[in-house]
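Participant: Mind having a look at this structure? Questions to follow.
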Amino acid sequence: MSLGVALAPVGCQQVVEGASAEAPAGGEGSQVAAVAAATPLKGYADLHVHMFSEAMFGGGWLYGIANHDDYRVALRRCSGNLATTDHAATRFGPLNEFLSDNGVTDGDAGWHWGKRRGWDERSWPFKQEDWEHWPSWDAIAHQQVWQGHLQEAHRQGLSLTVVSAVDFRPMCEVMENRKAILMKDGRCNEYTSIKWQLQEANRFAATHSWVEIALSPAHARRIIAAGKLAMVLSVEATEPFDNRADWQNVLDEYISLGVRTFQMGGHINTAFAGATVMNKAYNAMQWIENYFRNGQCFSTIDGGPRCTYDDITLLDMVDLLELNPRNGFTCRNAAGQVGACNAAAGYTNELGLTPLGVQLANALMDRHMAIDISHMSERAVQDLFAVAQSRGNRVLYSSHSHFRERLIGDDDHMANQTQEKPLTSMHINVIKTTHGMVGLRTGPDYAMAYAPSGVADSCDGSARSYAQSLAWGVDQGLNLAFASDMNGFIQQMVPRTGDEGCRGSGQRDSQSYRWVAPAANVSDGLGGFAYPSTEYLQWYQKQGFGHIGLLRPVFEDMRSMGLAQKYLDNLGASTENFVEMWELAQSQ
Ligand SMILES: [Zn+2]
Ligand SMILES: [Zn+2]
């Protein structure tokens, strides 16, 4: 997108940061966009990071602290939950194992003796002075966005990051080790946790000179021009407004805490929108919620009414997940027929945008916010598109997704074509029409070969797979960015060598790493940033994309494997493209 030439400059205006997310049409946004054409922002963006999600699920899940200067504290050695659990554990063992299953390793949750690394304060021979293999690509319960690693990512080229405050109450309901400060009157409450995360983001930015929370696109330009990391705040939740009738006040409270973009879809159906149907765990939680939200009870194999989460037993959970998998979503095809949910077969969530969802969409548009369509059902996206079109083609984008027709396999633990979340031609049309963009997930997913990428598709689940989808997306006319989803309860791309290389397949035997540093004036703009040290490159080779500090090695791995420069250029322009998208949203 080059809005700079499309929008006429207007007079100089002083922005009062923090005053409002709003900007008058034709205001500062368009003026700065005009300036932007001459001096595009350098570096890339990560459109989806859960930096402070140690607060999610009642604070009982994620181990480690993002906002602590001392890595010996922030990333201290965990117990592996050997004797007693103090993190990474629900009340139901099988659920822990199901959630962390990835088909390659023993996983990262429940009992995880082999994953208990981090800083080890004991003396030789036990001392572990680095994070070799930890946190790894399969981490879903250990801190991956420690501030020291984020600062290194920034030094190496990350110039803008969308930090999303995230929670999902049903997971909190079944969690061990919850913390009262992250709950409300002893009950799970997403609003309390989200507010804590947003406040923590503000505390973090206030005490670290190299990062600032961007409150307008012009502000983001100034932050980045000053050599700092621009952090944009967002929200990803199922009950973001605490189910309050005056939800607009909660939205404005979030805005006062710095939120400038908003994800309308949750992990199961919300009061606002249908969710994308993804896997057995979420299907089961939707099934349970269908009862409890209506004040009803259910019973499973061992009988007796279950009327609250506290009533649910281990046997119930095994039954719901494994013996007799339950699915609380209702799916229909285009003809309106009900069938088993399977996006590849055309059966998707019947729920679109609710009347309340239309109100929320309008409230977000009134506040000139770019709306994130991630996790919204296909029908909800189509409904939202109609609202956006009726209001002058408002910006819609996807902060973290995949391209459905490029995915291979049907493993329940990675993105695939049976799932509703990956984008189709329908989504791509919506995003292109509204001048949005796509954050491409850095997951351990299989992708079809796309020859124009210039990269051999010879290592499933690695940066080689990512390069295929990235190139394909750019050739659809989309602007792309990274979407790491770090700390987001999801796995990352795998290494190409070692035991876990190429998802443990024989493909790893033909892989090697040949790092080729770019020229200083390389067209993707990365030549001006610090090149990863040997240590960082080696961590990436062992861990895959294990933490946020390894973002540049992902980029350089794709460069070194021969990804055509035009695709690296698109990724390298992602910060500029995001800020221009934000400028457009502000001007609408
Ligand atoms: Zn642990
Ligand atoms: Zn997320």
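The values are calculated or read from the model by the stated rules, or taken from the named source; none is laboratory data. Values in this document were obtained by computation on a predicted structure and should not be read as measured data. We place every Cβ from the backbone using ideal geometry, glycine too, and count neighbours over all the protein chains shown.
Participant: May I ask you to verify whether ALA45 is crowded, with 24+ Cβ neighbours inside 10 Å, more than 12 Å from ligand 1 (Cβ to nearest atom), at pLDDT 95 or above and in a loop (DSSP other than H, G, I, E, B)?
Facilitator: Spelling it out, it is not the case that ALA45 is crowded, with 24+ Cβ neighbours inside 10 Å, more than 12 Å from ligand 1 (Cβ to nearest atom), at pLDDT 95 or above and in a loop (DSSP other than H, G, I, E, B).
Participant: With the requirement that a residue be aliphatic (A, V, I, L, M) and surrounded by fewer than 22 Cβ atoms within 10 Å (Cβ to Cβ), what does the range 49-93 give you?
Facilitator: Answer for the range 49-93, where residues must be aliphatic (A, V, I, L, M) and surrounded by fewer than 22 Cβ atoms within 10 Å (Cβ to Cβ): ILE65, VAL73, ALA74, LEU82, ALA83.
Participant: For PHE204, only one of the following conditions fails: (1) more than 16 Å from ligand 2 (Cβ to nearest atom); (2) hydrophobic (A, V, I, L, M, F, W, C); (3) over 14 Å from GLU54 (Cβ atoms). What is its number?
Facilitator: Checking PHE204 against (1) more than 16 Å from ligand 2 (Cβ to nearest atom); (2) hydrophobic (A, V, I, L, M, F, W, C); (3) over 14 Å from GLU54 (Cβ atoms), the one that fails is (3).
Participant: Something else about it: Residue check, HIS267 against (1) under 30 Å from GLU576 (Cα atoms); (2) outside any helix (DSSP H, G or I); (3) out of contact with any helix residue (DSSP H, G or I) (no Cβ under 7 Å at 6 or more places or on another chain), all met but one. Which one?
Facilitator: (3)
Participant: Mind checking whether some residue in the range 307-320 is more than 23 Å from SER401 (Cα to Cα), within 29 Å of the chain's Cα centre (by Cα), aliphatic (A, V, I, L, M) and in the same structural domain as ASN269 (by TED's automatic domain parsing)?
Facilitator: Taking the range 307-320 as the starting set, the residues that turn out to be more than 23 Å from SER401 (Cα to Cα) are 307-320.
Checking which are within 29 Å of the chain's Cα centre (by Cα) leaves us with 309, 317-318, 320.
Narrowing further to those that are aliphatic (A, V, I, L, M): 317-318, 320.
Filter once more, keeping what is in the same structural domain as ASN269 (by TED's automatic domain parsing): none.
Within the range 307-320 (the criterion being more than 23 Å from SER401 (Cα to Cα), within 29 Å of the chain's Cα centre (by Cα), aliphatic (A, V, I, L, M) and in the same structural domain as ASN269 (by TED's automatic domain parsing)), the answer is no, since none of the residues qualifies.
The rows are residues; the columns are (1) within 16 Å of ligand 1 (Cβ to nearest atom); (2) in contact with a Lys or Arg (Cβ under 6 Å, 6 or more places away or on another chain); (3) outside any helix (DSSP H, G or I).
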position: MET426; (1), (2), (3): no, no, no
position: LEU440; (1), (2), (3): no, no, yes
position: CYS459; (1), (2), (3): no, yes, yes
position: ARG464; (1), (2), (3): no, no, no
position: MET493; (1), (2), (3): no, no, yes
position: CYS502; (1), (2), (3): no, yes, no
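Participant: Looking at (1) within 11 Å of ligand 1 (Cβ to nearest atom); (2) in the same structural domain as ALA206 (by TED's automatic domain parsing), can you tell me which one TYR63 breaks?
Facilitator: Among (1) within 11 Å of ligand 1 (Cβ to nearest atom); (2) in the same structural domain as ALA206 (by TED's automatic domain parsing), TYR63 violates only (2).
Participant: For residues that are among the small types (Gly, Ala, Ser) and under 19 Å from the mean Cα position of the chain (by Cα), scanning just the range 194-244, find the one that is surrounded by the most Cβ atoms within 10 Å (Cβ to Cβ).
Facilitator: ALA230
Participant: Let me confirm something: among THR433, THR424, which residue is within 22 Å of CYS341 (Cβ to Cβ) and of a type outside the set (Gly, Ala, Ser)?
Facilitator: Going through THR433, THR424 in turn, just one is within 22 Å of CYS341 (Cβ to Cβ) and of a type outside the set (Gly, Ala, Ser): THR424.
Participant: Then there's this: GLY60: closer than 21 Å to VAL235 by Cα and in contact (Cβ under 8 Å) with a residue 40 or more places away in the chain, yes or no?
Facilitator: When the stated conditions are applied, GLY60 passes them.
Participant: How many residues are part of a helix (DSSP H, G or I) and in contact (Cβ under 8 Å) with a residue 12 or more places away in the chain when one looks only at the range 335-365?
Facilitator: 12
Participant: List pairs: first residue in the range 448-470 and assigned by TED's automatic domain parsing to the domain that holds ASP557 and touching a residue at least 40 places away in the same chain (Cβ under 8 Å), second residue in a helix (DSSP H, G or I) and acidic (Asp, Glu) anywhere in the structure, Cβ distance under 7 angstrom, at least six positions apart or on different chains.
Facilitator: Taking only residues 6 or more apart or on different chains, the pairs are PRO452/ASP475; ALA463/ASP557.
Participant: May I pose another question? Return the residues of the range 161-205 that are hydrophobic (A, V, I, L, M, F, W, C), in contact (Cβ under 8 Å) with a residue 40 or more places away in the chain and under 30 Å from ILE224 (Cβ atoms); say none if nothing qualifies.
Facilitator: VAL162, VAL163, ALA165, VAL166, ILE194, TRP196, LEU198, ALA201, PHE204 - these are the residues of the range 161-205 that are hydrophobic (A, V, I, L, M, F, W, C), in contact (Cβ under 8 Å) with a residue 40 or more places away in the chain and under 30 Å from ILE224 (Cβ atoms).
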